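Report on one structure; see the data block that follows.
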Amino acid sequence: MSVTKQVIESLLEAARWAASPDNMQPWRFRWDGAALRLMFAGHGDNEGAFGIDSPATLLTFGGVIENVTRMAEAIGCQLYDAVTFPTDDDKNCVFRCRIEATAPGAPPAGWRSHPLFGRHTNRLPYSDRALPEQTAADMAALAQGEARCRLLVDPASIQRWAGLVRDGSSLRFRNRLAHIALDASLRMTEAEAARGDGLDVATFFLPPGAKSMLSYTRSWPRMAMLNRVGLYKLFASIEADLVRKGPALLLVTGGAGRQGALDAGQLLLRAWTRLNELGLAVQPYYVVPDQVFRLADGTVPEESRAEAQALERASAAALPPGTTLYMVLRVGYPNKPAVRSRRLPLEQVAAIAAAPSEPAAG
Ligand SMILES: Cc1cc2nc3c(=O)[nH]c(=O)nc-3n(C[C@H](O)[C@H](O)[C@H](O)COP(=O)(O)O)c2cc1C
């Protein structure tokens, strides 16, 4: 049975509420009446942005695929002929599928209250209340391809990973490309945040004075100059401080390569949605895997390479052999609800044609 435009809209609403690095939403969606395409949009001339084949982009698209799949299940339609990176299609097409409805008409009422719309990032401090013991088993039971989740609650492991986050962060604040990407995403005022993409500073945990410091150091030459007196060390210890306080961390690991990263992205959003559903707050930290992936793609500056290699060895030593680390997430009960990030409007990111049998909307 062919699907209606409302069904496609509900699937794409789910897609656009996925997570993305710095909330840059590097996606475009296209429904031509027969196939749905999830496409990479790039970031124009932003030199620091992640490319289509970077693990960060693949994790993001894994998350989009997860949300579309879960919504399809919830509203009773089937995705079939699914293919990733189809060679007979647009070079920016990451995922293509056909869709069949199992019931006619609009999606069932209530689709907007699916838990995937409740998933969000909370960057504030968390309570030190311990998690229920069952949470670790719930997380360990989740799997997608080779991707797995592991919840850490013991203080020694948390301190070990907090140290790795500090080291990754210290490398990140000395990386020109990473700094340029952050600068391009920052939304410092309400008017800037209202555009619907990027990192709204209202979602940050900023102690007094930190917002002016952030504004001042947006320019890379200024950051590089202050790094000579060790500013990156201060920023890195601030970033790692909340990780150190726990009470839990979730590691998402998986297989290597494109499929490994897409699977990890799917699992990342599944676990994150579940944790939020359980009333837990979550903040991802990408710095450790990011520095390791940057070593492989050559975007770690020469003077930092030895340090990045030491980080790679230390993180590998803390993981099961042969696994790739995709994400470290801080998990705990929230003290305060987070300010929610926004999204670009659906019409800006999606082109939706009516199904051939469907009358045009009046
Ligand atoms: C690959 C990837 C890396 C991310 N890295 C970080 C990070 O290091 N720190 C952070 O606070 N959030 C990180 N995020 C979360 C995004 O900033 C967040 O998903 C986005 O701003 C949208 O907000 P939401 O999760 O509340 O919907 C990351 C997300 C993805 C998909």
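The values are calculated or read from the model by the stated rules, or taken from the named source; none is laboratory data. In this text, all values refer to a predicted model and were calculated from it rather than measured experimentally. Glycine also receives a Cβ, built like all others from the backbone with ideal geometry; neighbour counts cover every protein chain displayed. Each accessible area value is taken on the protein alone, full model and side chains, heavy atoms only, with ligands, DNA and RNA left out. Shrake-Rupley method; radii C 1.70, N 1.55, O 1.52, S 1.80 Å.
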message = Checking the cross-link filter: which aspartates and glutamates have an alpha carbon closer than 15 Å to that of Lys245, excluding same-chain neighbours under 8 positions apart?
response = Asp128, Asp154
key: Anchor Lys91: aspartates and glutamates whose Cα lies under 12 Å away (excluding residues fewer than 8 positions away in-chain)   = Asp53
ask   = Once the range 54-134 is represented by equal point scatterers at the alpha-carbon sites, with solvent omitted, what log10 I(q)/I(0) does the Debye formula produce at q = 0.13, 0.16, 0.22, 0.23 Å⁻¹?
value = -0.63, -0.84, -1.13, -1.16
In sequence order, calculated HN-Hα J values of the range 240-256 (Karplus, 6.51, -1.76, 1.60; Hz; x Gly/Pro) = 7, 4, 5, 5, 4, 7, x, x, 8, 10, 10, 9, 10, 10, x, x, 7
query = the chain: D in µm²/s via Stokes-Einstein (Kirkwood Rh, Cα pairs, 37 °C, 0.692 mPa s)?
reply = 154 µm²/s
With every protein chain in place, the chain: carbon and sulfur % of accessible area (1.4 Å) = 54 percent
note = Sequence order, the range 151-167: Karplus ³J(HN,Hα) from phi using 6.51 cos²θ - 1.76 cosθ + 1.60, θ = phi - 60°, Hz rounded, Gly and Pro as x, gives 8, 10, 10, 7, x, 5, 5, 5, 5, 4, 6, 4, x, 5, 5, 4, 5
request  = Distance between Cα centroids, the range 19-47 to the range 189-212: provide it in whole Å.
outcome  = 23 Å
query = Which whole-number percentage describes the relative contact order of the chain, with Cα contacts under 8 Å and a sequence gap of 6 or more?
reply = 28 percent
message = As I understand it, the value is the acute angle between the Cα axis of helix 5-16 and the longest principal axis of the Cα atoms of the chain; what does it come to in degrees, rounded to 10?
response = 10 degrees
query = Tell me, what ³J(HN,Hα) does each residue in the range 266-271 have, in order and in whole Hz, if you take phi through Karplus 6.51 cos²θ - 1.76 cosθ + 1.60 with θ = phi - 60° and put x for Gly and Pro?
reply = 4, 5, 3, 5, 5, 5
task = Would you check the accessible area of Lys233, probe 1.4 Å, heavy atoms only, in square angstrom rounded to 10?
result = 120 Å²
task = Check the straight Cα-Cα distances from Lys211 and name the lysines below 19 Å, setting aside those fewer than 8 residues away within the same chain.
result = Lys233
key: Helix-only mean residue ellipticity at 222 nm for the chain, each DSSP H run of n ≥ 4 adding -39500 (n - 2.57), per residue, nearest 500   = -12500 deg cm²/dmol
ask   = Accessible surface of His114 in the full protein assembly, 1.4 angstrom probe, to the nearest 10 Å²?
value = 40 Å²
task = Calculate how steeply helix 55-75 sits against the longest principal axis of the alpha-carbon atoms of the chain, using the helix alpha-carbon long axis, and give the answer as 0 to 90 degrees to the nearest 10.
result = 40 degrees
query = Which value, in debye to the nearest 20, gives the size of the charge dipole of the chain about its Cα centre, when Lys and Arg are +1 and Asp and Glu are -1 at the Cβ?
reply = 960 debye
remark   = The helix 176-185 Cα axis meets the longest alpha-carbon principal axis of the chain at an angle in degrees, between 0 and 90 and rounded to 10, of 50 degrees
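Would you mind getting the accessible area per residue of the range 134-332, heavy atoms of the protein chains only, 1.4 Å probe, in Å²?
Per-residue accessible area for the range 134-332 comes out at 42 Å².
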ask   = In percent, how large is the relative contact order of the range 126-260, given Cα pairs closer than 8 Å and 6 or more residues apart?
value = 46 percent
Farthest positive-ward along the range 272-362 dipole, Cα basis, beta-carbon charges - from Gln309, Val349, Tyr285 = Tyr285
request  = Calculate the length of the line joining the C-alpha centroid of the range 292-314 to that of the range 107-155, in whole Å.
outcome  = 30 Å
Magnitude of the charge dipole, the range 258-362, Cβ model with Lys/Arg +1 and Asp/Glu -1, debye to 20 = 420 debye
request  = Leaving ligands, DNA and RNA out of it, work out the accessible area of Tyr80 with a 1.4 Å probe and give it in Å² to the nearest 10.
outcome  = 90 Å²
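What percent does the relative contact order of the range 219-360 come to when contacts are Cα pairs within less than 8 Å and at least six residues apart? It would help to have the intermediate numbers written out before the result.
Details: 106 pairs, mean separation 48.1, N = 142.
Contact order relative to length: 34 percent.
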